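Each reported figure results from applying straightforward, stated rules to the coordinates on display, with no laboratory input. As the structure is a computational prediction, the values presented were derived from the model and not from experiment. With ideal geometry, Cβ positions are generated from the backbone for all residues, glycine too; neighbour counts draw on all protein chains shown.
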Amino acid sequence: MSQISDVDIRPMRDDERQNVYAIMRRAFPLVDRWFFSWTPNVLVAEQGGQLLGAIVLKLFPLPHNRKGGSISWVFTAPEVRGRGLGQRLVESGLDFFERQGCDEILTTVEGFNTSSSKLFATRGFRILSPGTQFRRYGLATFAVWVKVFHYLDVGHFLWVRRTSPEADSATLQWWGTILANSLIGLLMLWRLDGSKAISLGMWMVLTLMLVVLFGLRYLGMCLMAQKQGLKVRFRAWESGFPLSIIITLIFAGAIYPIPGGVYPTTNQWRYRDLLPKLGWIALAGTLPVLIMLWGVCAILQLNVPPPYFRPWLSIMLLLGKPLLLFDIAIPFFPFISFNSRRLWDWNKIIWVVMTATVVALFLV
């Protein structure tokens with residue numbers, strides 16, 4: 001498809017807001033639109049008097065008297081997608097930030113949105129790991145998350161331009177994920193039965209169950225990726241933890257597990273090209289956990305384990321059922337980073353069978 005030429009990219013006028021909003025509604029699914037917001041800095045792409053797309057830019061302060069900028073939204077009319085207009089808008093946005101004297105430019109991209117990640121990777125952006133974020137911004141990291149809306153977008157990563165390579169340990173991210181989920185699990189135990197349910201031994205059991213569940217999921221995905229000849233690495237979903245805390249505080253006994261995911265090691269790859277491999281990887285991460293939980297459920301139903309061991313298995317079900325719900329049965333936004341979306345996109349028959357098995361597990 002040919003590139004678009006003779007496009008004028010300029011600041012949006014106030015009387016164009018309604019037309020730009022209409023393009024946004026055509027560009028994004030329903031739920032995505034709920035999170036859309038304006039900023040004072042919006043650039044539009046115009047050709048022959050017709051608006052074709054826009055980029056929404058935000059300016060905010062960073063620690064140590066530095067200035068930051070973030071790309072909040074980029075969208076084009078569906079009929080001109082794939083013709084380079086999004087790239088033109090991003091480049092114009094970067095020029096805008098340069099003129100404003102921004103020290104850092106940030107954006108967030110969902111881990112499997114390869115069209116966006118490739119666009120930013122080729123323009124000098126790289127993913128900031130959670131550890132690097134806190135080393136870079138300190139406690140102001142949470143304020144940065146608020147500015148770039150990186151506190152509810154599960155499975156999105158924070159990308160930054162103008163950064164040198166920094167230490168990024170997948171192993172530390174995995175164990176950090178275990179620690180964060182176990183602390184939220186402690187909060188869940190408190191909400192479930194107050195101080196009576198909290199003890200060091202119970203928390204250690206909960207943490208052990210998380211290691212087993214997440215470890216089995218991660219191991220299955222890594223082994224299948226190796227079999228498929230695909231190099232992958234683990235990445236934490238740090239932006240999911242605020243929502244998980246909120247859910248646990250509101251609903252007694254509920255937990256929203258944030259397991260993280262595995263991704264190709266390169267920043268430039270195409271989702272559709274790798275989907276056959278990613279589908280098998282998703283299946284290898286979910287099926288062992290599903291089989292294990294059905295086994296645990298059967299053991300409890302048959303009253304096989306000794307009394308002191310039953311709480312262990314009950315906690316495994318308490319953690320494992322919601323994990324499978326999101327990792328298998330709910331493939332839609334905002335849960336598209338879980339394995340469920342890979343299963344849905346890869347093979348809908350397998351997704352239906354797996355989902356029916358998960359639903360049955362909740363009914364037992």
Sequence neighbours fewer than 8 away in the same chain don't count; with that in mind, list the lysines whose C-alpha is under 20 Å from Lys147.
Lys58, Lys67
Can you work out ³J(HN,Hα) from phi for every residue in segment 180-193, in order, using Karplus 6.51 cos²θ - 1.76 cosθ + 1.60 and θ = phi - 60°, giving whole Hz and x for Gly and Pro?
4, 5, 5, 5, 5, x, 4, 4, 4, 4, 5, 5, 6, 8
Please compute the Kirkwood hydrodynamic radius of the chain from all pairs of different C-alpha atoms, in Å with one decimal.
22.2
About its Cα centre, the chain carries a charge dipole, from +1 on Lys and Arg Cβ atoms and -1 on Asp and Glu Cβ atoms, whose size in debye to the nearest 20 is 500
Which whole-number percentage describes the relative contact order of the chain, with Cα contacts under 8 Å and a sequence gap of 6 or more?
13
Residue farthest toward the positive end of the dipole of the chain, with Cβ of Lys/Arg at +1 and Asp/Glu at -1: which of Thr114, Phe60, Ala143?
Thr114
Can you compute the FRET efficiency between Ala143 and Leu302 using 1/(1 + (r/R0)^6), with r the Cβ-Cβ distance and R0 = 45 Å? Round to the nearest 0.05.
0.30
So Val211 and His64, fully extended at 0.36 nm per residue minus their Cα-Cα distance, gain in nm 49.1 nm
Could you give the nm distance between label points at Asp103 and Arg162, where each point is 7 Å from its Cα heading toward the beta carbon?
0.9
I need the shape label for segment 209-328. Rule: rounded when a/c is under 1.5, else prolate if a/b > b/c, else oblate, with a, b, c from the alpha carbon gyration tensor.
oblate
Restricting to bridges with both residues inside the chain, how much of the DSSP beta-bridge set is antiparallel, in percent to the nearest 5?
90
Where labels lie 7 Å past Cα in the beta-carbon direction, separation of Asp32 and Gln268 in nm:
2.4
Net charge (Lys, Arg +1; Asp, Glu -1) of residues whose beta-carbon lies under 13 Å from that of Pro288, Pro288 excluded, is 0
Under a Cβ-Cβ cut-off of 11 Å, what is the net charge of the residues other than Trp351 that fall near it, where Lys and Arg count +1 and Asp and Glu count -1?
+2
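Grab the Cα-Cα distance for Phe309 and Asp95, subtract it from 0.36 nm times how many residues apart they are, and report the gain in nm with one decimal.
70.9 nm
State, as an integer percentage, the relative contact order of segment 300-346 based on alpha-carbon contacts under 8 Å between residues 6 or more apart. Let's see the in-between values first.
Working: 24 pairs, mean separation 10.8, N = 47.
23 percent.
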Which semi-axis lengths, in whole Å and largest first, follow from the square roots of five times the eigenvalues of the Cα gyration tensor of segment 8-161?
26, 17, 15
Quick check on the chain: helices-only [θ] at 222 nm, where DSSP H runs of length 4 and up contribute -39,500 (n - 2.57) each and the sum goes over total residues. Nearest 500, please.
-16500 deg cm²/dmol
For segment 110-121, in residue order, the Karplus 3J(HN,Hα) values (coefficients 6.51, -1.76, 1.60; θ = phi - 60°; whole Hz; Gly and Pro = x) are 5, x, 9, 7, 6, 5, 6, 5, 5, 4, 7, 4
Within straight-line cross-link reach of Lys321, aspartates and glutamates at Cα separation under 20 Å, skipping those fewer than 8 residues along the same chain
Asp193
Give me the net charge for the shell around Gln226: Cβ to Cβ below 15 angstrom, other residues only, Lys and Arg +1, Asp and Glu -1.
+4
Applied in sequence order to segment 253-266, the curve 6.51 cos²θ - 1.76 cosθ + 1.60 (Karplus, θ = phi - 60°) yields integer Hz couplings, x standing for Gly and Pro, of x, 9, 9, 10, x, 10, x, x, x, 10, 9, x, 5, 7
